[in-house]
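Trainee: Mind looking over this structure? Questions follow.
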Amino acid sequence: MLIINDIEKLRVISAPVSIQEAKEIIKQLETELALHPDGIGLSAVQIGILKQVAIIRLPKRKINLINPRIIFQSHSRIFKRESCLSFPG
């Protein structure tokens with residue numbers, strides 16, 4: 001699968017998704033992320049699926065985000081090396 005790096009395509013607002021549909025998209029995201037060991041996470045829009053699904057791979061667990069909403073913003077910051085698959089480096 002090709003990781004999208006066109007900023008205009010990545011800025012398109014994605015649609016909400018059902019749990020069943022999200023399960024299928026998560027499988028695709030896991031398969032693609034497995035091909036990129038340096039990647040930490042991947043969203044459906046990055047592989048051309050305009051749905052609100054993303055996965056984050058942490059050292060001891062994986063987080064699936066389905067129709068996520070920001071409900072709190074911390075003022076503290078953690079700085080780490082970026083590993084965006086759409087814009088490496």
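Trainee: Can you tell me which condition Phe72 does not meet? The list is (1) in a helix (DSSP H, G or I); (2) surrounded by fewer than 16 Cβ atoms within 10 Å (Cβ to Cβ), and all the others hold.
Mentor: (1)
Trainee: Only one of (1) hydrophobic (A, V, I, L, M, F, W, C); (2) over 13 Å from the mean Cα position of the chain (by Cα); (3) within 21 Å of Pro16 (Cα to Cα) is not met by Leu65, so which one is it?
Mentor: (2)
Trainee: When you look at Gln28, is it of a type in the set (S, T, N, Q) and farther than 16 Å from Phe87 by Cβ, yes or no?
Mentor: Spelling it out, Gln28 is indeed of a type in the set (S, T, N, Q) and farther than 16 Å from Phe87 by Cβ.
Trainee: Now for a different question. Is the range 44-57 home to any residue that is closer than 14 Å to Cys84 by Cβ and open to solvent by 80 Å² or more (accessible area, probe 1.4 Å)?
Mentor: Checking the range 44-57: at least one residue is closer than 14 Å to Cys84 by Cβ and open to solvent by 80 Å² or more (accessible area, probe 1.4 Å).
Trainee: Given the criteria open to solvent by less than 90 Å² (accessible area, probe 1.4 Å), modelled with pLDDT of 95 or more and outside any helix (DSSP H, G or I), does Ile25 qualify?
Mentor: The answer is no for Ile25.
Trainee: Also, quick follow-up: Please list, ordered by first then second residue, the pairs with beta carbon atoms under 9 Å, 6 or more apart or interchain, first in the range 34-53 and touching a residue at least 12 places away in the same chain (Cβ under 8 Å) and farther than 16 Å from Leu10 by Cβ, second hydrophobic (A, V, I, L, M, F, W, C) and part of a strand (DSSP E or B).
Mentor: His36/Leu42; Ile40/Ile56
Trainee: I'd like the residue in the range 31-43 that is in a helix (DSSP H, G or I) and open to solvent by 60 Å² or more (accessible area, probe 1.4 Å) and, out of all such residues, is nearest to Cys84 (Cα to Cα).
Mentor: Ala34
Trainee: Something else about it: Filter the range 1-18 down to the residues that are open to solvent by less than 100 Å² (accessible area, probe 1.4 Å) and part of a helix (DSSP H, G or I) and list them by number.
Mentor: Ile7, Leu10
The values are calculated or read from the model by the stated rules, or taken from the named source; none is laboratory data. Being a predicted model, the structure only gives us computed values, none of them experimental. All Cβ positions, even for glycine, are placed from backbone atoms using ideal geometry, and neighbour counts span all protein chains on display. With ligands, DNA and RNA removed, areas are computed over all heavy atoms of the protein, side chains included. Shrake-Rupley method; radii C 1.70, N 1.55, O 1.52, S 1.80 Å.
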